[in-house]
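*Asks:* Sharing a structure with you now.
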């Protein structure tokens with residue numbers, strides 16, 4: 001494992017190794033064990049073309065707690081935002097730092113950073129996938145359910161970067177994966193074909209049907225960053241694609257609810273259902289820190 005560009009690049013064993021280390025790092029932090037020796041003196045460049053709360057804070061705090069130093073770059077503060085070729089940025093940063101985390105639009109930009117650079121590259125989110133979030137999701141599922149064996153994960157919403165990565169993560173860990181989304185808003189076609197051939201995959205237009213017997217319900221906003229102009233169109237298309245009482249009743253009695261946040265209460269999930277599962281959701285948000293610290297240690301130590 002040289003980079004974290006997308007979950008599809010990792011084996012089941014590599015994912016489990018990250019999750020096990022994340023559990024260890026979480027335990028150490030909770031018990032006041034010093035972690036600054038892990039990445040002492042290492043610098044992580046953090047490039048943000050998309051705004052962020054959880055990704056920014058978790059990587060910033062994470063590298064600092066591990067003894068390293070974060071350096072934040074926005075589009076307005078770097079030449080990459082003014083048109084410098086990504087291959088040039090990659091080669092320059094590789095001579096000055098020990099790792100790059102980038103949160104941007106194009107998956108190709110992330111892949112090119114890894115191709116032309118000589119230091120680890122971490123995908124903090126692209127329009128195609130969100131591997132860091134799903135590692136935290138898997139960590140949370142295992143904390144609550146004990147293992148992945150026999151579980152069904154149901155995603156309700158847009159077939160976006162979250163759906164793409166969750167589908168890959170679920171199949172690789174041996175979970176059944178179902179998705180309920182409107183026509184025209186399906187996940188990546190190649191990933192769906194892979195999921196059908198490699199695992200137990202189900203696509204429906206009805207959230208209740210998709211959620212039947214699920215152990216984990218997952219949802220996300222109807223319009224992701226960069227899609228704000230489609231809000232009205234998407235609100236019409238996604239009418240009824242909401243996690244509500246009927247959806248949760250179709251799932252198992254002890255089903256958990258996850259959401260990558262931020263949430264639009266009353267759209268993808270009702271206020272009541274969200275608050276009833278707030279503990280799970282904010283445990284999931286916290287686990288972004290622990291899972292990403294594990295990735296940093298794996299790649300930069």
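The values are calculated or read from the model by the stated rules, or taken from the named source; none is laboratory data. Remember, it's a predicted structure, so these values are computed and weren't measured experimentally. For neighbour counting, all protein chains shown are included, and Cβ atoms are generated from backbone atoms with ideal geometry for every residue, glycine included.
*Asks:* Based on this model, can you work out whether residue 250 counts as out of contact with any strand residue (DSSP E or B) (no Cβ under 6 Å at 6 or more places or on another chain), in contact (Cβ under 8 Å) with a residue 40 or more places away in the chain, crowded, with 19+ Cβ neighbours inside 10 Å and assigned by TED's automatic domain parsing to the domain that holds residue 163?
*Replies:* Answer is yes for this residue.
*Asks:* Being surrounded by 15 or more Cβ atoms within 10 Å (Cβ to Cβ) and farther than 30 Å from residue 31 by Cα is the filter here; which residues of the range 93-104 pass it?
*Replies:* 93, 94, 97, 102, 103, 104, listed by residue number.
*Asks:* With the requirement that a residue be surrounded by fewer than 24 Cβ atoms within 10 Å (Cβ to Cβ) and in contact with a helix residue (DSSP H, G or I) (Cβ under 6 Å, 6 or more places away or on another chain), what does the range 152-177 give you?
*Replies:* Listed by number, the list holds a single entry, 172.
*Asks:* Right, next: Are any residues in the range 174-186 on the phi < 0 side of the Ramachandran plot and out of contact with any strand residue (DSSP E or B) (no Cβ under 9 Å at 6 or more places or on another chain), and if so, which ones?
*Replies:* 182, 183, 185
*Asks:* Out of 59, 48, 72, I need the residue that is farther than 17 Å from residue 109 by Cα and crowded, with 21+ Cβ neighbours inside 10 Å. Which one?
*Replies:* 59
*Asks:* Those residues that are in contact with a strand residue (DSSP E or B) (Cβ under 6 Å, 6 or more places away or on another chain) and either in a strand (DSSP E or B) or free of Cβ contacts under 8 Å to residues at least 40 places away in the same chain (or both), I need them from the range 124-151; list them, please.
*Replies:* 124, 125, listed by residue number.
*Asks:* Further question on the same structure: Right, residue 118: over 19 Å from the mean Cα position of the chain (by Cα) and surrounded by fewer than 21 Cβ atoms within 10 Å (Cβ to Cβ) or not?
*Replies:* yes
*Asks:* Please verify whether the range 200-216 includes one or more residues that are touching a residue at least 12 places away in the same chain (Cβ under 8 Å) and under 19 Å from residue 130 (Cα atoms).
*Replies:* yes
*Asks:* Looking only at the range 253-301, which residues are part of a loop (DSSP other than H, G, I, E, B), crowded, with 19+ Cβ neighbours inside 10 Å and within 15 Å of the chain's Cα centre (by Cα)?
*Replies:* Across the range 253-301, the qualifying residue is only 260.
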